[in-house]
Amino acid sequence: MSLEEVDVAVIGAGPSGLIAAREASLRGEKVLVLEEHREVGLPCHCAGLLSMRGLTEIGVPLDGEYVQNRFRGAHFFSPSNLSFTIERKEEIA
């Protein structure tokens, strides 16, 4: 595929890039994804934290083997030693 044949070029095959490429492809666009590494996902630079609601909205099943962890909350720490915690009953990410 040459660049003249491409409607959309996506730079980076992280979660956002792949979602953008998929959406463009579903709309009939000719998509080219450019990634600097030979294998998508390696080395791992993405924290991998994606909201369950966001994944559901784009049609990604939540029971796949790619799900590494599920979260109900998080602890946040700032460089100035301030911190706070968010907790939920349901899984959110």
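The values are calculated or read from the model by the stated rules, or taken from the named source; none is laboratory data. Note that this is a predicted model, so its numbers are computed, not measured. For neighbour counting, all protein chains shown are included, and Cβ atoms are generated from backbone atoms with ideal geometry for every residue, glycine included.
Which number in (1) at pLDDT below 85; (2) more than 12 Å from the chain's Cα centre (by Cα) marks the one condition that Phe77 misses?
Checking Phe77 against (1) at pLDDT below 85; (2) more than 12 Å from the chain's Cα centre (by Cα), the one that fails is (1).
Within region 33-44, is even one residue at pLDDT 80 or above, aliphatic (A, V, I, L, M) and in a loop (DSSP other than H, G, I, E, B)?
No, there is no match, as no residue in region 33-44 is at pLDDT 80 or above, aliphatic (A, V, I, L, M) and in a loop (DSSP other than H, G, I, E, B).
Among the residues of region 50-69, what is the count of those that are surrounded by 11 or more Cβ atoms within 10 Å (Cβ to Cβ) and not in a loop (DSSP other than H, G, I, E, B)?
4
Does any residue in region 64-91 that is touching a residue at least 24 places away in the same chain (Cβ under 8 Å) come within less than 8 Å, Cβ to Cβ, of a residue that is assigned to a loop (DSSP other than H, G, I, E, B) and surrounded by 10 or more Cβ atoms within 10 Å (Cβ to Cβ) six or more places away or on a different chain, and which pairs are these?
Glu91/Arg70; Glu91/Phe71; Glu91/Arg72
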